[in-house]
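Right, one structure below, let's go through it.
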Amino acid sequence: MTTHTRLNSKILIRISNEDVCVMFKNIILKINAFFLSVLFISCSSQEYTTAKLAIQQSDFKKAAEWLPKAMEVEPNNPEIPIVMAIEIHAKNNEWEEMVSLFNKAKEIDSKKEIEVRQAFIVVEEAVKNYIEYYWAQEFNAGVEQFKKIQEDSDNKPKYLKAAIRHFSSAAIINPSDANTHATLAKCYFDLGDKQSAIEATLVAVKKNPDSFEANFSAGQILGRAGRSSDEVLPYYKKATEIEPSNSKALRELAGTYYDLGNKKKSIEVFENAISNEDNDTTKADLYFNLGVIHNQMNNYEAAESAFDEAFFLNEDDFEAALGMARSYEGYGDNFMNGSQGFEKNLNEAARWYRKAEKKIKSVMIIDIENKVTYQKNLELVRYKRDVAEGN
């Protein structure tokens, strides 16, 4: 019988000197990290250490109890109020308290580097970042509520109130953002709370006097709330100073001057804007608005000229062409009635009505989608022409 020798089952591991060095270095690094963490904790008060451990364990009730105690013990540590602001008050939507603690941290030392959520950052930078984050969170939440109105208009008041809550929170978080106050004002106005709308829009201007949106919105809100043109005028003036070629603002400013009886100034607003504008499309809009004002003042010749310029600069501006037709119709009305310094002349009235009719027809051929609207204008002009011709 053959005897077999059984060897013990062992695995031989060969470790090189290089491997030993790597292992040794890793051990040293772990030891250093351990002692650094111990050292860091030992630099904090017992109160703050307890609060941080509670936060790590998501025990925010306990953290809320110990963080104020930590601030009392470490009054010169700006890290504690920031941690309390984001871990306690921000979680509870207590925005005023959060902002107050942010300000406290900056007053202590805005340049000091602190640790927040395992990141090292300077105090003022941390405050800026968190304000931007929470402001965007609340502002966007307000926008989402506002969007729901389009999908469910029957519950508009409910969504407006929800939007107002979020925009109000955003305004607390970042009170210097003029757009927030302007948006809040619009929500209040849509809800029917004119006084709150006025207050919000005035705050927007106060917070950012050089904001076009804030000033333009203030003019609109005050005007729609029934305030006098004298009160509205400064905001539209400021808006046009900020954006000199903004046709919406210019139209409102010119209209306000018109309401105040200063028709000459109204026309001057548009003429100055036209002379300073290089973009043809924008200039066409300005000429169109100038034509509207001249039409309102029964300056039909000037209106025709302005509309003609608008149509020349923008051949797709069908409204300008229609404005020309209305100017022709205005001429016809003056000859028909013998008004505005015109002598009554039915032949001249009929001639201008025919010019208006021709212009409307030319627009109908190009702008087919609005043919029904033009047809109504055409029928009215034809009726006046028939009267002038004795038909």
| field | Val122 long-range amide H proximity, modeled H, under 5 Å | value | Ile114
| field | Relative contact order of the chain, defined on C-alpha pairs under 8 angstrom at six or more residues apart (%) | value | 6
| How large is the helix-only mean residue ellipticity at 222 nm for the chain, computed as the sum of -39500 (n - 2.57) over DSSP H runs with n ≥ 4, divided by its residue count, in deg cm²/dmol to the nearest 500? | -24500 deg cm²/dmol
| With labels modelled as points extended 7 Å from the Cα through the Cβ direction, what inter-label distance (nm, one decimal) is found for Glu301 paired with Glu124? | 6.4
| request: Read phi for every residue in the range 167-182 and hand back ³J(HN,Hα) as whole Hz from Karplus 6.51 cos²θ - 1.76 cosθ + 1.60, θ = phi - 60°, with x for Gly and Pro. | output: 5, 5, 5, 4, 5, 6, 5, 10, x, 8, 7, 5, 4, 4, 5, 5
| So for Phe120, Phe342, Phe312, fewest C-beta neighbours within 10 Å to most, what's the order? | Phe120, Phe312, Phe342
| Selection from Ser211, Ala303, Ile88, by position along the positive dipole direction of the chain (Cβ) | Ile88
| note | Diffing the range 123-133: the Karplus 3J(HN,Hα) column from phi (6.51, -1.76, 1.60, θ = phi - 60°), in whole Hz with x for Gly and Pro, holds 3, 5, 6, 4, 4, 4, 5, 6, 5, 4, 5
| About the Cα centre of the chain, what is the dipole size in debye to 20, counting +1 per Lys and Arg Cβ and -1 per Asp and Glu Cβ, all else neutral? | 1180
| query | Tell me, what is a quarter of the convex hull surface for the C-alpha atoms of the range 81-203, in nm² with one decimal? | reply | 8.1
| Which links in Lys355/Lys376; Lys355/Lys384; Lys237/Lys265; Lys156/Lys207 stretch past 19 Å when you go from one Cα to the other? | Lys156/Lys207
| said: From Cα pairs below 8 angstrom and at least 6 apart in sequence, can you work out the relative contact order of the range 76-174, rounded to a whole percent? | reply: 26
| note | For the chain, the longest principal axis of the Cα atoms and the Cα long axis of helix 280-296 enclose an angle in degrees, to the nearest 10, of 50
| In the chain, with Lys and Arg counted as +1 and Asp and Glu as -1 at Cβ, which of these residues, Thr183, Leu313, Gln118, has the Cα nearest the positive end of the dipole, that is, farthest along it? | Gln118
| query | Nearest 10 degrees, 0 to 90: what angle lies between the long axis of helix 300-313 and the longest principal axis of the chain (Cα atoms)? | reply | 50
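Bear in mind these aren't lab numbers, they're just calculated from the coordinates by the rules spelled out. All figures in this text were calculated on a predicted structure; none of them were measured in a lab. Note that we place each Cβ from the backbone using ideal geometry, even for glycine, and neighbour counts take in every protein chain shown.
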